[in-house]
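The values are calculated or read from the model by the stated rules, or taken from the named source; none is laboratory data. From a predicted model like this one, the values you see are computed outputs, not experimental measurements. Positions of Cβ are backbone-derived with ideal geometry, glycine not excepted, and every protein chain shown enters the neighbour counts. All accessible areas refer to the heavy atoms of the entire protein, side chains included, with ligands and DNA or RNA removed. Shrake-Rupley method; radii C 1.70, N 1.55, O 1.52, S 1.80 Å.
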Amino acid sequence: MSATFVSIDEQYCYCASLSCIWRDFVQAEKQYRCCEGPMTPLSRATLLRLLSALHGVPPARETALIGRVQHLQRMGFPAGVNVGSGQRAEYDAPAIVRILFAFELMQFGLRPERAVMIVRAMGWELAARIAGRAGEQLCSGLDPREYEEGVGETYEAADLVLFDPLGLIGLADPKDEGWATAQTLLVTPRSELAHAVDAIGLDRRHAVFNATHLLIEAALYLSDNEGLDLQSFGKALRDWAIVTDAVERDD
C-alpha cells in the first residue's frame, strides 16, 4: 500500500496504490521513532482530551471514546503505542496525525477497521507530506486564527482528502475491510480540487475532509489548553516530513 504521485499543474494529488504490505508502515514508524524530535509525546489522557475537543465528546461519554482508542491499539494502530500492562502510552507526531485521520474517517460512519485500512493505504510518506505542509504553516509565525478564510495562498494550499465511503460495500463484498475504499483515496490541494476530481474520474460520489485544517485545529487546542506552543508542534510535524524525505530541508 503506497501512494502514487500524479502531477496536476505542478501541484500534487495522490491515489492509493495497494502494492505493499502493512508491515512496511510498522517498520517506517519504528525507524522514525529512532530519529524523533524534541516535542514531548502526548499522554493518552492528553490525546483523549484533544479528541474530545475536536469531536465534541462530552465528559459523560469519555468511556466510549477510551474504548475507541483502545480498539485501535488492539489492532496495532498506530504502531509503537500498543503498550503492555503498567506501561504508559505515548503519542508522538506521526501517531497523533494518524489517529486524527482515523477518527476523522470514523466521523463519516466508517468502522474502525475500515478507517485504519484507509489511513494505512494513504501511506507513511503521504501522511508525512500532509503533516509537513501543515507544520510549515504553524512554524511561519502567523497565528492561524488570524487567517481570513477563503483568502490567500495558505488557504488554497490546504490538503483535502477525498474518498468514496462505499457504505454499502458489505452487500457486494462482506469480506471487504476497507480495500475498496482505499483504492479511491485521493489527496489534493484545495486549489486543485475540481481538476483533481476530473483527472481521477471520481465524479459520482466522494467524501472529503480538510486535513490541513484538522491538524491546525489540533495544534490550536494543544496550544490553548495543553501548553504545547504552535511552533513546537509545527516543528515536530515538519521534522517527521524531513526524516521521511517528504519535504525539502532548509539546509
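Close amide H partners of ALA207, meaning residues 5 or more places away or on another chain with modelled amide H under 5 Å apart, are PHE163, ASP164.
3J(HN,Hα) along segment 184-189: 9, 5, 8, 10, 8, x Hz, from the Karplus curve 6.51 cos²θ - 1.76 cosθ + 1.60 with θ = phi - 60°, whole Hz, x for Gly and Pro. A simple spin-label model places pseudo-atoms 7 Å from Cα toward Cβ; at VAL208 and LEU171 they are separated by 2.7 nm. Ligands, DNA and RNA aside, GLU104 has an accessible area near 40 Å² when probed at 1.4 Å.
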